[in-house]
Every structure is written in C-alpha cells, then in structure tokens.
Amino acid sequence: MNADPHLAVFGDTFYIYPTTDGTEGWRSTSFRAWSSRDLVNWKNEGVILDLPRDLTWASLHAWAPAIARKNGKYYYYFSAAQNVGVAVADSPVGPFKDPLGKPLVARTAFPRMQAIDPMVFVDDDGSAYLYWGQGRAKAVKLNDDMISFNLADVRDLTPPGYNEGPFLHKRKGRYYLTWSEFDTRDPRYSVAYATGDSPLGPFQKAAGNPILRQSGPVKGAGHHSIAQIPGRDAWVIAYHRFRIPDGNGYNRETCLSPLRHSEDGGILPVDVFEKASLKGSAAVAPPPATPKRAVRER
C-alpha cells in the first residue's frame, strides 16, 4: 500500500514517489519509487532511500517525499522523524545520498507546526522553491545548490483551512497552491487550492473548493501531487484514499485521475471515478465502479 504520492515526469517516463503505508503510526523506514510509460502499468523500482542505512540523524517515519531535477542531478526531499531532509542522485531511481548529514529543515526550527510534507517547485527561470509543513505552510527560495536556503527568507503561506501537503504547479503564468484539509484519518480529507502571481504568493483561496473529496466508496481522498503530460495542456492528479475495502488512515492506496482547468483559469472538481491515461481525451469518461489504483505490488 502507498500514500502521499509525488508524481513526476522525467523524459518519457512518469515516476511516483510515495510513503510506504500499512502500519499504525505510519512507521515506515524507507522509500520506494515506481515508474511507468503510460500511467497505467507501473514498475516497482525498489528501495531508493533507507533511513537506517543512509541517514545518521533519523531512522523512522519516512513520509511524503518530493523530487526535482536541476544541475544534472535529482534532488529528493523527504520527511524523516518529523524533519525535512534532502538526498541527491544521478538517476531518478537513485541510489540517493544524504549530502548534509543533518536535516534541511529541523523539527525545532519553527514552532506550532510539524516540519513534514516537503514539495519542491522549479520555475521556468530555474529558480527553485521549497514548501512544507503540517499545521502551517512555509515556503522559501532555495539556493542554487538545492540543499540550502536563507532562514530569514522563509515565508508563511498558510491559507484558510490548511492542514498539510502543500503543492505548487504553474499553468499559463498562474501559480496554483494546493493542499490537504482535515486529517488523513478523516474520511473528509480533501484538497483545496488558491492562486497567485508568484511562487511565494500572496495566494487567494478560490471559491470552488474543495477540488478533490470523498465520494461513494472513496474516503479520505487527499495528499496529492499534480503533473503535466509532456507536450500537452493535460494534467494528472495523484492522491491517496482509504484502501478499498476496509481501509483507514493507516491503510491507504494511491490513485490517478485527470485534473482539468476551467476556461477562466480555475481548477474543476476531480472525478475520482475517472481513470488517468495518456490516451484519454478531454471529455469525461463513463465512471467505473471505483477509481483505478495506480500503484500496486507485482
């Protein structure tokens, strides 16, 4: 089982970087990656970062990773023991190495929040930005080395209703900040969005929220990521839900659905019963009984 999926595209291949799920208290100790050419069939690429083996400062609670490519390297941001770490590799499937020997964002750096759920966004000019936080949403421009930042530059972006899982994507010059509301153990777990003219805001929460929510057998739909299909104005949202059947906040599974923008630049509600694929058109497909599971063991 997999949760907190980060969907990324490198070349002609899609990758999902999730939290390994299935233990009460989310006691995962390592990260895996999955790859696909068609968004339907997924290959397990194995463990790409193991906390006890690869870190000196954390060995438990491997949660909610994200990845970006810059400077010919792949930078992997992750939660470990309620800190944000960073690891670097020459390949999107590792092996990843810890260049700092310590957290990038320590759990004690900011009060009244958890330093978890990192996300990294690289803008068209090459500037990179780090987002993170449960309870509050923080953001900062990264230095060119991708593994450091100026602490004084950290901004608070927390929108109304925010809980965790910040994510940023850009379309037609507009920046979209999305996040999860409620708790991942709550069936009402959902995704909302705001828009702005800068990767650091300010952001205005949209009226048409949430864009992803529970429906029928689908409960706890949230902690998402968004990726563009290369060469097309077509987008995919990856997210988790309670496992069907008998799932809960510790037993979740990853799904993919199309994400669509409206003519005025808003985000339309996600149909959790529509499958994401490279062959699909912009029209809404007839819903199957439950949404397609994107990641499963082979």
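The values are calculated or read from the model by the stated rules, or taken from the named source; none is laboratory data. As the structure is a prediction and not an experimental result, all values here were calculated from the model. Here the Cβ is made from the backbone with ideal geometry for all residues, glycine too, and neighbour counts use every protein chain on show. Keep in mind that these areas ignore ligands, DNA and RNA; they rest on the heavy atoms of the full protein, side chains included. Shrake-Rupley method; radii C 1.70, N 1.55, O 1.52, S 1.80 Å.
Taking first residues from region 206-226 that are on the phi < 0 side of the Ramachandran plot and partners that are open to solvent by less than 40 Å² (accessible area, probe 1.4 Å) and modelled with pLDDT under 95, the Cβ contacts under 8 Å between residues at least 6 apart in sequence or on separate chains come to V218/P291.
Among the residues making up region 1-16, those that are within 21 Å of V88 (Cβ to Cβ), open to solvent by 20 Å² or more (accessible area, probe 1.4 Å) and in contact (Cβ under 8 Å) with a residue 40 or more places away in the chain are V9, F10, Y15.
Kindly indicate whether P52 is free of Cβ contacts under 8 Å to residues at least 24 places away in the same chain and more than 18 Å from the chain's Cα centre (by Cα). Spelling it out, P52 is indeed free of Cβ contacts under 8 Å to residues at least 24 places away in the same chain and more than 18 Å from the chain's Cα centre (by Cα).
May I ask you to verify whether S35 is under 19 Å from F96 (Cα atoms), in contact with a Leu (Cβ under 6 Å, 6 or more places away or on another chain) and surrounded by fewer than 20 Cβ atoms within 10 Å (Cβ to Cβ)?
Details: under 19 Å from F96 (Cα atoms): yes; in contact with a Leu (Cβ under 6 Å, 6 or more places away or on another chain): no; surrounded by fewer than 20 Cβ atoms within 10 Å (Cβ to Cβ): yes.
Judged against the criteria, S35 is not a match.
For region 231-244, the candidate set comprises residues that are open to solvent by 10 Å² or more (accessible area, probe 1.4 Å) and either in a strand (DSSP E or B) or free of Cβ contacts under 8 Å to residues at least 12 places away in the same chain (or both); within that set, the residue that is nearest to P166 (Cα to Cα) is W235.
Just to check your reading of the model, which residue among T23, T56, T29, T19 is β-branched (V, I, T) and buried (at least 21 other Cβ atoms within 10 Å of the Cβ)?
Numbers: T23 fails: buried (at least 21 other Cβ atoms within 10 Å of the Cβ); T56 fails: buried (at least 21 other Cβ atoms within 10 Å of the Cβ); T29 fails: buried (at least 21 other Cβ atoms within 10 Å of the Cβ).
Step by step, each of T23, T56, T29, T19 is checked, and only T19 is β-branched (V, I, T) and buried (at least 21 other Cβ atoms within 10 Å of the Cβ).
Counting just the residues of region 155-202 that are part of a strand (DSSP E or B) and of a type in the set (D, E), which one comes out farthest from A238 (Cα to Cα)?
Quick first cut of region 155-202, residues part of a strand (DSSP E or B) only: 155-156, 164-171, 174-181, 190-196.
Okay, now just the ones that are also of a type in the set (D, E), so 156, 164, 181.
Details: D156: 25, E164: 16, E181: 16 Å.
The selected residue is D156.
When region 71-97 is filtered for residues that are buried (at least 23 other Cβ atoms within 10 Å of the Cβ) and either among the small types (G, A, S) or assigned to a loop (DSSP other than H, G, I, E, B) (or both), the ones remaining, listed by number, are S79, A80, G85, A87, F96. Residue-level check: of (1) β-branched (V, I, T); (2) under 18 Å from T20 (Cβ atoms); (3) open to solvent by less than 20 Å² (accessible area, probe 1.4 Å), V105 misses just (2).
Condition first: in contact with a helix residue (DSSP H, G or I) (Cβ under 9 Å, 6 or more places away or on another chain) and in a loop (DSSP other than H, G, I, E, B). Now tell me which residues in region 14-45 satisfy that.
The initial filter retains those residues of region 14-45 that are in contact with a helix residue (DSSP H, G or I) (Cβ under 9 Å, 6 or more places away or on another chain), namely 28-31.
Of everything in region 14-45, those that are in contact with a helix residue (DSSP H, G or I) (Cβ under 9 Å, 6 or more places away or on another chain) and in a loop (DSSP other than H, G, I, E, B) turn out to be S28, T29.
Which of the residues spanning region 211-230 are assigned to a strand (DSSP E or B) and either touching a Leu at 6+ places or on another chain (Cβ under 7 Å) or open to solvent by 50 Å² or more (accessible area, probe 1.4 Å) (or both)? Correct list: G222, H224, S225, I226, A227, Q228. Given the structure, is L130 at pLDDT 95 or above, more than 15 Å from F203 (Cα to Cα), among the hydrophobic types (A, V, I, L, M, F, W, C) and in a strand (DSSP E or B)? It is true that L130 is at pLDDT 95 or above, more than 15 Å from F203 (Cα to Cα), among the hydrophobic types (A, V, I, L, M, F, W, C) and in a strand (DSSP E or B).
Somewhere in region 106-114, is a residue more than 20 Å from P199 (Cα to Cα), assigned to a loop (DSSP other than H, G, I, E, B) and polar (S, T, N, Q)? Break it down into steps so the answer makes sense when it comes.
Step one: filter region 106-114 for residues more than 20 Å from P199 (Cα to Cα), giving 106-114.
Within this subset, residues satisfying the condition of being assigned to a loop (DSSP other than H, G, I, E, B) are 106-113.
Restricting the remaining residues to those that are polar (S, T, N, Q) gives 108.
Looking for residues that are more than 20 Å from P199 (Cα to Cα), assigned to a loop (DSSP other than H, G, I, E, B) and polar (S, T, N, Q), one finds at least one in region 106-114, hence yes.
Against the test of being among the polar types (S, T, N, Q) and closer than 23 Å to V105 by Cβ, the options N163, N209 yield a single qualifying residue, N163. Contact map, region 170-182: residues that are within 14 Å of F121 (Cα to Cα) paired with residues that are among the basic types (K, R), Cβ distance under 8 Å, separation 6+ or inter-chain. Pairs shown: Y176/K170.
The lone criterion from (1) within 14 Å of the chain's Cα centre (by Cα); (2) over 19 Å from N83 (Cα atoms); (3) buried (at least 22 other Cβ atoms within 10 Å of the Cβ) left unmet by W132 is number (2).
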